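Down below is the structure, laid out as structure tokens.
Read-outs: derived from the displayed coordinates by stated rules, not from any lab. Quick caveat: nothing in here was measured; it's all calculated off a predicted structure. Ideal geometry is used to build each Cβ from the backbone, glycine not excepted, and the neighbour counts take in all protein chains shown.
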Amino acid sequence: MKINECISCGSDQNINRSSSEGFNEVIGMRTFTQDAYSILECSNCGLYYKDHVIDESVLNEYYNSFDFKAWQPVANYPTEDIVEAFLFSKEGLKVLDYGCSEGRLISKFVNKHTCYGYDIDNRALAIAKAKGIEVVYDISQTENTPKFDVIILSDVFEHSLAPTKLIGELLAMLNKSGTLIISTGNADSKACQFDMAHFWYFQTIQHVCMLGSKYIKFLESEFKLTVLKERFCSHYKASIKQKLFYKIRFNLFRFIHKNRKGMIVGLISNIPFARKITKWKVQPYYPFSKDHVVLFLQQ
């Protein structure tokens, strides 16, 4: 499906940041195809988004074919540690986890807060309900939905084909002085900015957009928001050795990419055991930089 205007604000003014060939993802017995795409930066609101995505109805099939348990790691993501620390510091709140899956994060607080969960996957919601979470099946029925003190949007923003509309709807469900927590990819990270279309965050069918500082300022203006806190971190935990290995490999690729016609790369290409690195075409997987942000927002 071709995206002809910004999925945040509707503007057709954009900057092409980088492009990628298409790829396939096999989920169960089904193959889903991501067409070749570019990452566009909206000149108005600053959102970064794919200009080709799979059709929304097919995307729903994709999610329903996906094993949601694959999104449930044994340990917390670093972003979740930040959210948990906030919830542990409070008492007796009404908290909604929008996109809760089976409730792995919010279920830890059912005896401390009144916890609600919403997700498009009813398989996951059944598990969340069994964990003591109040399940919200239809978020559009706002007249029957309580106002919340905290709404968590963790690893969901990047999946939305209408992210600003979604944020507006969530803000409408907050109590006065309530807090919206958004945990998502940080498009301003150096690793992402190098070649956005090939950055690991966009190399999956699920992810269609990313935010950066310009978009955050747009949200502040659009909804009269205050950014209470910004925390930057990686999305995955790793040992020092792992972080060092991935960082060196990524920086080496970046150096080769920028200096392909230079003398040093020419010398490396003549070394038998090292020349293969000069033939790298696509940036290597690098998930351990500070490529995520946790935002605490308040109206």
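Residue by residue through segment 220-232, which ³J(HN,Hα) values in whole Hz follow from phi under the Karplus form 6.51 cos²θ - 1.76 cosθ + 1.60 (θ = phi - 60°), with glycine and proline marked x?
Computed from phi, the couplings for segment 220-232 are 4, 6, 5, 10, 6, 9, 10, 7, 6, 6, 10, 10, 10 Hz.
Apply the Karplus curve 6.51 cos²θ - 1.76 cosθ + 1.60, θ = phi - 60°, to the phi angles in segment 173-187 and return the couplings in whole Hz, x for Gly and Pro.
Residue by residue, segment 173-187 yields 9, 8, 5, 4, 6, x, 10, 9, 10, 10, 10, 7, x, 9, 5 Hz.
Mind checking which of K131, K281, K165 has the largest fluctuation in a GNM of the chain, springs on alpha carbons under 10 Å?
K281
Using Cα atoms only, what is the angle between the long axis of helix 56-65 and the major principal axis of the chain, expressed in degrees (0 to 90) to the nearest 10?
Approximately 90 degrees, to the nearest ten.
Give me the orientation-averaged projected area of the Cα convex hull of segment 114-177, in nm², one decimal.
Values: hull surface 19.2 nm².
Taking a quarter of the hull surface, the average projection is 4.8 nm².
Determine the distance separating the Cα centre of segment 159-217 from the Cα centre of segment 41-66; give it in Å without decimals.
12
Say each of K229 and A162 gets a label point 7 Å from the Cα, pointing the same way as Cα to Cβ; how far apart are those two points in nm?
Result for the modelled spin labels: 3.2 nm.
Taking only Cα atoms and a 10 Å spring cutoff, compute GNM fluctuations for the chain and point out the largest among K237, K90, K217.
Result for the chain, Cα springs under 10 Å: K90 fluctuates most.
Over 29 Å between Cα atoms: which of K147/K217; K90/K224; K108/K147; K217/K290; K2/K108 fall into that group? Display every interim value, and only then the final one.
On the way: K147/K217 25 Å; K90/K224 25 Å; K108/K147 21 Å; K217/K290 20 Å; K2/K108 41 Å.
Pairs exceeding 29 Å: K2/K108.
If pairing requires two Cys Cβ atoms under 4.7 Å apart, which cysteines of the chain are left without a partner?
Isolated Cys, the chain: C100, C115, C192, C209, C233.
What percentage of all Cα-Cα pairs in segment 12-124 are separated by more than 16 Å?
Everything past 16 Å amounts to 72 percent.
Select from L228, L96, L40 the residue whose mean-square fluctuation is largest in a Gaussian network model of the chain (Cα-Cα springs shorter than 10 Å).
Of the options given, L228 has the highest mean-square fluctuation.
Rounded if a/c is under 1.5, else prolate if a/b is larger than b/c, else oblate: which is the chain, with a ≥ b ≥ c the root eigenvalues of its Cα gyration tensor?
On the way: a/c = 1.79, a/b = 1.67, b/c = 1.07.
Prolate shape, in that a/c is at least 1.5 and a/b is the bigger ratio.
When the expected Rg is taken as 2.2 N^0.38 Å, what fraction or multiple of it is the alpha-carbon Rg of segment 125-220? Write out the running numbers ahead of the final one.
On the way: Rg = 15.7 Å, N = 96, 2.2 N^0.38 = 12.5 Å.
Working it through for segment 125-220, the quotient is 1.26.
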